[in-house]
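The values are calculated or read from the model by the stated rules, or taken from the named source; none is laboratory data. Treat the numbers as computed from the prediction; the structure is a model and nothing was measured. Here the Cβ is made from the backbone with ideal geometry for all residues, glycine too, and neighbour counts use every protein chain on show. The area values use the complete protein model at the heavy-atom level, side chains included, leaving out ligands, DNA and RNA. Shrake-Rupley method; radii C 1.70, N 1.55, O 1.52, S 1.80 Å.
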Amino acid sequence: MEVRIGQGYDVHALAEGLPMWLGGVLIPSGTGFVAHSDGDVAIHALCDALLGARAMGDIGHLFPDTSDEWKDVDSKILLDIVSRKVQSDSWTIGNVDITIALQAPKVAPYIDRMRETLAKVMGISPDRVSVKATTTEKLGFVGRKEGCEVWAVALIQRL
């Protein structure tokens, strides 16, 4: 068996009046993420982790923010494309682990929906998807409610 891991990181600024998509779930909030796509920072970090495990670059390379094709795109579409690419040539996703740093709003009530949504898009069981949320204790740009950062790790395997 061959096993590989990949790590992803993404950050987006928050702004008033935008929708907040996080982990494929719309979170009720007065702010959302500034981005070329829908700004789902959790999915973007996850895509980078998956791509990194296969040494396939990053989402900026596959889906450039200079392309109108990807303007306002639902990030679940990006995850679907990435998952299919990563799972080619007999590779499978073993598990993924995501950590979201966001001061507000609290996302804990949405974590199970995120896990189910992400699993469905990737074609894996929700018990292989971990999503955790934390604050930064009011420190830094996250603590000042200026943005969100997300770290993701993915393990892939081939028998």
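The C-beta contact set for region 31-44 (first residue closer than 13 Å to V82 by Cβ and touching a residue at least 60 places away in the same chain (Cβ under 8 Å), second residue among the hydroxyl-bearing types (S, T, Y) and not in a loop (DSSP other than H, G, I, E, B), distance under 8 angstrom, 6+ apart or interchain) comprises I43/S75; H44/S75. Elements of the type helices (runs of 4 or more DSSP H) sitting completely within region 16-103 and holding at least 2 residues that are among the small types (G, A, S) and closer than 19 Å to R158 by Cα: these cover 41-53. In the set (1) open to solvent by 50 Å² or more (accessible area, probe 1.4 Å); (2) on the phi > 0 side of the Ramachandran plot; (3) modelled with pLDDT of 95 or more, the condition left unmet by R84 is number (2).
Candidates in region 141-159 are the residues that are open to solvent by less than 40 Å² (accessible area, probe 1.4 Å) and of a type outside the set (A, V, I, L, M, F, W, C); of these, the one that is nearest to V34 (Cα to Cα) is G147. Of the listed requirements (1) touching a residue at least 40 places away in the same chain (Cβ under 8 Å); (2) under 23 Å from R158 (Cβ atoms); (3) not in a strand (DSSP E or B), Q7 misses just one: (3). Can you find, within region 104-159, the residue that is nearest to D40 (Cα to Cα) among those that are hydroxyl-bearing (S, T, Y) and assigned to a loop (DSSP other than H, G, I, E, B)? Filtering region 104-159 for residues that are hydroxyl-bearing (S, T, Y) and assigned to a loop (DSSP other than H, G, I, E, B), the one nearest to D40 (Cα to Cα) comes out as T135. Taking every residue in region 144-159 that is without any contact (Cβ under 8 Å) to a residue 12 or more places away in the chain and pairing it with any residue that is crowded, with 18+ Cβ neighbours inside 10 Å, at least 6 positions away or on another chain, yields no pair with a Cβ-Cβ distance below 7 Å. The set of residues in region 60-82 being of a type in the set (D, E) and touching a strand residue (DSSP E or B) at 6+ places or on another chain (Cβ under 9 Å) consists of D74 alone. Considering only residues of region 87-118 that are charged (D, E, K, R) and open to solvent by less than 80 Å² (accessible area, probe 1.4 Å), which is nearest to L139 (Cα to Cα)? By that ranking, first place goes to D97.
Counting the residues of region 5-19 that are touching a Leu at 6+ places or on another chain (Cβ under 8 Å) and open to solvent by 80 Å² or more (accessible area, probe 1.4 Å) gives 1. Applying the criterion of being touching a Phe, Trp or Tyr at 6+ places or on another chain (Cβ under 6 Å) and open to solvent by less than 30 Å² (accessible area, probe 1.4 Å) to the residues of region 42-77, the residue that is nearest to A13 (Cα to Cα) is A45. The residue pairs whose first member lies in region 91-113 and is more than 24 Å from S29 (Cα to Cα), whose second member is assigned to a loop (DSSP other than H, G, I, E, B), and whose beta carbons are closer than 6 Å, counting only pairs six or more residues apart or on different chains, are I93/I124.
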